[in-house]
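Contents: one structure, followed by commentary.
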Amino acid sequence: MEIVSDASAFLAVVLDETDRKWVIEKTSGLALISPEVLPYEIANALTAMKKKGRLTDREALGAFSISQRIPVRLVPIRIYDTLKVAIKFNIYAYDAFYIQCCLETKLPLISLDNHMCEVAKSLSIKVVT
């Protein structure tokens with residue numbers, strides 16, 4: 001079985017956050033799918049954490065390297081349709097890419113972003129809880 005995973009789930013694992021164990025349990029034995037923007041969003045989040053003093057240069061680079069070793073199939077997503085979702089729900093395009101990925105692949109979503117999960121549910125996307 002496959003599941004769409006967003007950057008928050010990846011970051012929880014690579015940064016050893018409190019939800020790490022939950023994410024690993026929920027994705028164990030599943031194939032991960034994400035839109036092609038995933039590595040860009042991870043890099044962006046890591047630089048934001050670095051700028052806020054939450055990570056050192058070495059930690060940010062190390063976390064990115066670890067994230068790249070997690071097996072995931074990156075898929076192209078229709079940008080125009082993603083933009084429509086982002087506008088309709090007043091969310092960032094980065095978040096809308098994962099929702100659009102679920103819509104296009106008809107797969108469930110795993111995310112630690114509660115608002116994104118609520119938007120997904122409103123579109124009848126199954127959300128891992």
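Summary table below
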read-out: Estimated dipole of the chain in Debye, rounded to 20 [Cβ of Lys and Arg +1, of Asp and Glu -1, Cα centre]; value: 60 debye
read-out: Kirkwood Rh in Å, taken over region 74-129 so that all alpha-carbon pairs contribute; value: 11.0 Å
read-out: Under 19 Å from the Cα of Lys50 - aspartates and glutamates, other chains or at least 8 residues apart; value: Asp16, Glu17, Glu41, Glu59
read-out: Reach of Lys26 by Cα under 14 Å, taken over aspartates and glutamates that are not fewer than 8 positions away in the same chain; value: Glu2, Asp6
read-out: Over the chain, relative contact order from alpha-carbon pairs under 8 Å, at least 6 apart, %; value: 30 percent
read-out: At R0 = 41 Å, FRET efficiency that the Cβ-Cβ distance of Tyr92 and Ser28 yields, to 0.05; value: 0.90
read-out: Inverse mean reciprocal Cα-Cα distance (Kirkwood Rh) of the chain, Å; value: 14.8 Å
read-out: Potential lengthening between Lys106 and Glu2 on full extension [0.36 nm per residue; Cα-Cα distance subtracted]; value: 36.5 nm
read-out: 31 Å Cα-Cα threshold exceeded, pairs from Lys21/Lys106; Lys52/Lys126; Lys88/Lys126; Lys21/Lys52; Lys52/Lys106; value: Lys52/Lys126; Lys52/Lys106
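Read-outs: derived from the displayed coordinates by stated rules, not from any lab. Quantities reported herein were computed from a predicted structural model and do not represent experimental measurements. Neighbour counts run over all protein chains shown; Cβ positions are idealised from the backbone, glycine included.
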